[in-house]
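The values are calculated or read from the model by the stated rules, or taken from the named source; none is laboratory data. For clarity, every value in this text was computed on a predicted model and none was experimentally measured. So basically every Cβ, Gly included, is an ideal-geometry build from the backbone, and we count neighbours across all protein chains shown. Surface accessibility is based on the protein's heavy atoms, side chains included, excluding ligands, DNA and RNA. Shrake-Rupley method; radii C 1.70, N 1.55, O 1.52, S 1.80 Å.
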Amino acid sequence: MTNNVLLSRLDLNLLISLDALITERSVTRAAERLHLSQPALSASLARLRSHFGDPILARRGNAYELTPFALRLAEHTTTALEAARRVFESQATWEPAESEREFSIYGSDYGFTTIGRVVSELAAERAPGVRFRFMLHNPMVVEDAANRLRSVDGMVIPHGFLTGLPYLDLWRDGWVAVVSSSNAAVGEKITMENIAELPWVMTYQTRSASTSAERHIMQLGVEPRVDVVVESFQSLPHFVVGTNRIALIQAALAPLALRVGGVRILPLPFDATPLVNALWWHPVHNRDSEHEWMRDLFKEAAGIVAAATATDAP
């Protein structure tokens with residue numbers, strides 16, 4: 001049986017039912033979510049069980065649990081629904097000012113606070129019906145970017161993590177150190193001795209996820225003593241205040257760090273590899289006029305962020 005014949009026999013409503021059943025893990029709650037009767041959704045579940053040859057939901061005592069197979073289907077179901085939604089939301093002619101499209105972007109809180117904020121402001125001025133959904137990435141998302149980007153519009157992340165995908169360079173940024181104002185071990189300047197001896201707060205410390213500045217420190221032959229690991233750049237100053245810890249943040253976030261109070265921003269004692277921030281997307285979006293409009297928005301916003309970063313540099 002060819003793929004086309006198989007697809008022609010599928011019912012998109014079954015995909016919607018499957019997503020609700022996996023999310024709610026209950027026929028009753030899934031039916032309520034879809035505004036269907038319980039018998040109607042039970043019939044859909046029966047068809048899904050027949051198609052997959054798996055119960056999908058299995059009773060455990062007084063409750064139902066997803067089968068191991070259903071757990072494997074969960075992520076694929078969400079991705080497939082998002083892709084289908086994008087297909088049917090596409091328009092032959094697109095007027096931004098009249099559109100209600102949602103663009104979804106992966107990134108870190110650093111990316112959202114800087115360019116994400118500016119992009120949303122520009123969009124609100126020119127296309128008030130358009131909205132953006134900014135979703136925090138994590139190491140698993142980044143490692144699976146080639147697949148994840150099929151069902152979202154892009155990912156804001158510096159060079160050094162993704163390859164083989166289209167991208168738009170946005171703006172360059174540098175690194176600065178954050179220390180507590182009460183940290184007597186650090187003088188007017190931070191030294192390599194401070195970096196080697198004092199404890200650290202770092203971000204995304206895994207084999208495949210670390211910042212360029214963190215990698216640079218290790219390349220200098222220093223193995224930092226890490227006290228805390230957080231998957232957030234904006235929260236770093238809160239873990240530094242009142243301690244003898246050191247943290248690294250992007251220069252664009254330095255003004256926000258100072259607003260926390262009780263911290264100092266200091267230059268690094270070495271030339272850290274600068275960040276080249278970029279917007280990445282899947283090639284399937286290359287000729288999408290709506291996506292092109294979004295990319296132009298990011299390009300304009302990048303100029304604004306770059307100018308602000310240069311002005312605010314410590």
Starting from the exponent 0.38 and prefactor 2.2 Å, build the expected Rg for the range 176-264 from its residue count and divide its actual Cα Rg by it. 1.00
At R0 = 45 Å the Cβ-Cβ FRET efficiency linking R287 and E197, nearest 0.05, sits at 0.25
Distance in Å, no decimals, from the C-alpha centre of the range 14-52 to the one of the range 186-258 is 48
Taking the convex hull of the alpha carbon atoms in the range 157-314, what volume per residue do you get, in Å³? 117
Percent accessible area from carbon and sulfur atoms, the chain, protein chains only, probe 1.4 Å: 52
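Enter the accessible area per residue of the range 59-170 (Å², integer; probe 1.4 Å; all protein chains in place).
55
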At 222 nm, what value in deg cm²/dmol follows for the chain if DSSP H runs of at least 4 each add -39500 (n - 2.57) and the sum is divided by all its residues, to the nearest 500? -12500 deg cm²/dmol
Give the residues of the range 125-150 whose amide nitrogen is closer than 16 Å to a point set 7 Å from the Cα of E300 in the direction of its Cβ. 125-132
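If you wrap a convex hull around the alpha carbons of the range 134-193, what volume per residue comes out, as a whole number of Å³?
167
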Coarse-grained scattering of the chain at q = 0.07, 0.10, 0.14 Å⁻¹, given as base-10 log I(q)/I(0) from a Debye sum over alpha-carbon atoms: -0.39, -0.73, -1.08
Under a 1.4 Å probe, what is the accessible area of the range 258-314 per residue, stated in Å²? 51
As an exercise, identify the GluC sites (Glu not before Pro) in the range 151-236 lying in DSSP coil whose Cβ has no more than 14 other Cβ atoms within 10 Å. E188
